[in-house]
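What follows is a single structure, written as structure tokens, with notes after it.
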Amino acid sequence: MAPKKRRRNGKHFVLGKDFRSDGKERVTKGKSYLVHGGTAITHEETVDIVNEFSKRLEKEGCPDASTASEILKEVLYERRQRN
């Protein structure tokens, strides 16, 4: 039996997990992402990164994994340059 082909539906979902904690449960949901955990500061930073990554994925039209990886590297690099 031939393997089934994966259908790409043109959608993505990004999950961000911040393992730092100050004892409070933080969850932020966006249109196509969810961020869980972190301190007040790190949670906000993670949300910003995940939100930007999600926007760029949507702009690219749900790229393959290697392209998505490059987009994430760009977002992280740009974030580092701002700080």
All conditions in (1) within 15 Å of F13 (Cα to Cα); (2) in contact with an Asp or Glu (Cβ under 8 Å, 6 or more places away or on another chain); (3) hydroxyl-bearing (S, T, Y) are true of T39 except (1)
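Taking the stretch 1-37 as the search range and keeping residues that are part of a loop (DSSP other than H, G, I, E, B), modelled with pLDDT of 85 or more and under 24 Å from L72 (Cβ atoms), which one is nearest to the chain's Cα centre (by Cα)? Steps first, answer last, please.
Initially, the stretch 1-37 is screened for residues part of a loop (DSSP other than H, G, I, E, B), giving 1-13, 19-26, 30-32.
Then drop every residue that is not modelled with pLDDT of 85 or more, which leaves 19-26, 30-32.
Still in the list and also under 24 Å from L72 (Cβ atoms): 19-21, 26, 30-32.
Values: F19: 15, R20: 17, S21: 19, R26: 16, G30: 10, K31: 11, S32: 9 Å.
Step by step, filter the stretch 1-37, then rank; the result is S32.
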E58 vs (1) at pLDDT 90 or above; (2) in contact with a His (Cβ under 8 Å, 6 or more places away or on another chain); (3) in a helix (DSSP H, G or I): all pass except (1)
I'm checking my understanding of the structure. Among residues of the stretch 37-83 that are β-branched (V, I, T) and surrounded by 15 or more Cβ atoms within 10 Å (Cβ to Cβ), which one is nearest to D22 (Cα to Cα)? T39
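The values are calculated or read from the model by the stated rules, or taken from the named source; none is laboratory data. Values in this document were obtained by computation on a predicted structure and should not be read as measured data. In this analysis, Cβ positions are derived from the backbone assuming ideal geometry, glycine residues included, and neighbour counts consider all displayed protein chains.
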